[in-house]
Amino acid sequence: MTLKISVIGTGYLGATHAACLAELGFEVIGVDSDGGKVAHLNAGVAPFAEPGLDDLLNRHVSTGRLRFTTDVSEAAASSDVHFLCVGTPQAGSGLSADLSAVWTCTRELARHLTRDCLVIGKSTVPVGTAERLGSELARFAPTGIRTSVAWNPEFLREGHGVHDTLHPDRLVFGVATPDAELALRTIYEQAIADGVPVHVTDLATAELAKSAANAFLATKISFINAMTDISERADADVVALADILGDDPRIGRRFLDAGVGFGGGCLPKDLRALSARASELGARSVTGLLREVDAINLRARTKVAELARELTGGDLAGRRVAVLGAAFKPLSDDVRDSPALDVARRLHAQGADVRVFDPEAALNARAVAPELTYVASLESALRDADLVLHLTEWPQFVEMDPHWAASLVRRRVVVDGRNRLDPERWTMAGWTIQGIGRPKRQQPVATRTADAAAVI
Ligand code: NAD
């Protein structure tokens with residue numbers, strides 16, 4: 001018998017997971033409390049940018065193998081397995097995770113159950129949540145209905161979500177019973193046959209695996225950002241340093257890019273939630289370490305904003321600043337806790353005339369930072385700029401011709417907040433380019449006269 005699966009919470013994680021489960025041949029129902037999102041998904045259209053997702057949605061919604069609803073009772077009545085994928089943002093007060101969506105959807109699901117089921121947590125949660133989830137299900141499910149809990153953390157990267165879901169680099173099955181392990185092995189049969197390593201653990205280790213993985217990635221980024229401090233003071237080059245460190249297979253080059261730091265809907269809030277949970281449990285070394293990782297990351301944003309002010313002669317008032325990027329990373333339209341948007345807002349608050357261009361994220365960015373001006377093209381952003389800030393490393397920014405860019409701006413000054421522009425090329429084209437933690441490359445600043453730039 002083929003398992004019938006529900007996915008509760010169809011945001012970046014859940015919609016991708018649901019579509020990939022349908023691709024693997026399962027009958028899937030996605031549940032979300034947001035009716036607009038459900039309407040989009042039922043039309044076969046992803047409500048956010050994720051390469052390849054529209055294609056899968058389209059294909060499987062049209063066959064009826066995949067459908068979406070706002071009514072959890074449909075999922076409760078029809079599914080053997082429920083994946084919980086609702087959001088776990090940072091709580092309004094303090095550093096801990098806000099688990100209200102987890103408890104709301106758990107209770108709603110439990111109340112509507114008409115058959116035994118396995119509930120598999122996929123959201124990133126503080127260690128200990130799975131245990132409480134088990135008690136909540138037992139408390140709210142009708143008498144005679146048996147429920148069990150497993151935890152299967154997700155490691156997908158936004159922008160590569162479809163690929164990572166279908167071809168994960170590892171699988172973690174936090175289980176309390178052999179039946180739960182068997183169900184997970186059935187669901188991931190294809191990936192397991194492809195040789196993906198499976199880690200079968202207790203529930204707590206599985207929950208912790210995700211938080212610890214994100215905290216480690218954040219620590220790597222903050223480590224190299226801390227190295228920019230000393231590189232700048234010693235006139236060393238942090239990019240060359242990262243290349244050297246990265247050639248050591250024990251270290252690895254990825255996540256060693258110094259710059260404006262990390263952001264997004266996961267790393268910052270997961271780091272803080274782990275720190276808060278560690279504090280509750282009395283694990284002080286974890287709390288101390290992660291607080292510093294977070295502080296270094298936030299200082300990286302301050303540093304870029306200060307550099308921008310310095311490069312405009314100490315006063316941003318009335319200066320036109322081209323901000324390249326609003327998404328927290330390329331290939332995504334996600335602006336949650338985006339360093340690019342944070343820096344743009346700080347410059348705007350100091351009186352700069354900020355023009356933001358992002359190939360995908362302008363709509364989302366406008367919703368959270370309506371005070372900024374969003375333009376429809378790279379050219380419009382660059383036109384008459386006194387300063388260019390490269391803050392999200394979209395390929396079209398990295399590959400941009402500095403001569404072409406020079407013909408548009410008023411002053412050829414660029415801050416490379418991602419250290420991805422080639423300093424040699426940009427200097428040769430007459431630019432003053434300043435990376436983060438890189439030696440200074442000064443040119444006499446070239447200027448030209450202004451004309452208007454199109455605004456969207
Ligand atoms: P998201 O905000 O995009 O999606 C969450 C969805 O849950 C929303 O669509 C929301 O409407 C829905 N929801 C909230 N309450 C609900 C309820 N009671 N019933 C049904 N639906 C409800 O968030 P996301 O980025 O998809 O993240 C979800 C979880 O997955 C988080 O814990 C996150 O840390 C984790 N995660 C995310 C990623 C990622 O790349 N985005 C990767 C791995 C893990």
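Rule-based calculations on the coordinates, nothing more; no lab input. The shown structure was predicted, so the numbers you read here are calculated from the model rather than taken from an experiment. Cβ coordinates were reconstructed from backbone atoms using ideal geometry, including for glycine residues, and neighbour counts include every protein chain displayed.
Below is a table of values for the structure above.
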| read-out | value |
| --- | --- |
| Exclusive hit being of a type in the set (D, E, K, R), closer than 30 Å to residue 271 by Cα and within 16 Å of the ligand (Cβ to nearest atom), set 336, 438 | 336 |
| Checklist (1) over 20 Å from residue 419 (Cα atoms); (2) of a type outside the set (Gly, Ala, Ser); (3) surrounded by 21 or more Cβ atoms within 10 Å (Cβ to Cβ) applied to residue 286, failing item | (3) |
| Residue list for segment 69-88, filter: buried (at least 21 other Cβ atoms within 10 Å of the Cβ) and either hydroxyl-bearing (Ser, Thr, Tyr) or more than 14 Å from the ligand (Cβ to nearest atom) (or both) | 79, 81, 88 |
| Residue list for segment 295-333, filter: within 16 Å of the ligand (Cβ to nearest atom) and surrounded by fewer than 24 Cβ atoms within 10 Å (Cβ to Cβ) | 329, 330, 331, 333 |
| Segment 234-268: number of residues that are assigned to a helix (DSSP H, G or I), over 20 Å from residue 126 (Cβ atoms) and under 17 Å from the mean Cα position of the chain (by Cα) | 0 |
| Subset of segment 325-361 [closer than 13 Å to residue 48 by Cβ and of a type outside the set (D, E, K, R)] | 327, 328, 331, 332, 335, 361 |
| Index of the failed condition, residue 138 passing every other in (1) in contact with a Ser or Thr (Cβ under 7 Å, 6 or more places away or on another chain); (2) buried (at least 20 other Cβ atoms within 10 Å of the Cβ) | (2) |
| Residues of segment 89-118 that turn out to be in contact (Cβ under 8 Å) with a residue 40 or more places away in the chain, away from the ligand (no atom under 12 Å from the Cβ) and within 22 Å of residue 276 (Cβ to Cβ), as a count | 3 |
| So residue 271, is it in a helix (DSSP H, G or I) and not acidic (Asp, Glu) | yes |
| Residues within segment 124-179 that are in a strand (DSSP E or B) and either of a type in the set (Lys, Arg) or in contact with a Lys or Arg (Cβ under 7 Å, 6 or more places away or on another chain) (or both), tallied | 0 |
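Conditions (1) hydrophobic (A, V, I, L, M, F, W, C); (2) within 19 Å of the chain's Cα centre (by Cα), marked per residue:
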residue: 50; (1), (2): no, yes
residue: 75; (1), (2): yes, no
residue: 83; (1), (2): yes, no
residue: 90; (1), (2): no, yes
residue: 98; (1), (2): no, yes
residue: 112; (1), (2): no, no
residue: 116; (1), (2): no, no
residue: 125; (1), (2): yes, yes
residue: 138; (1), (2): yes, no
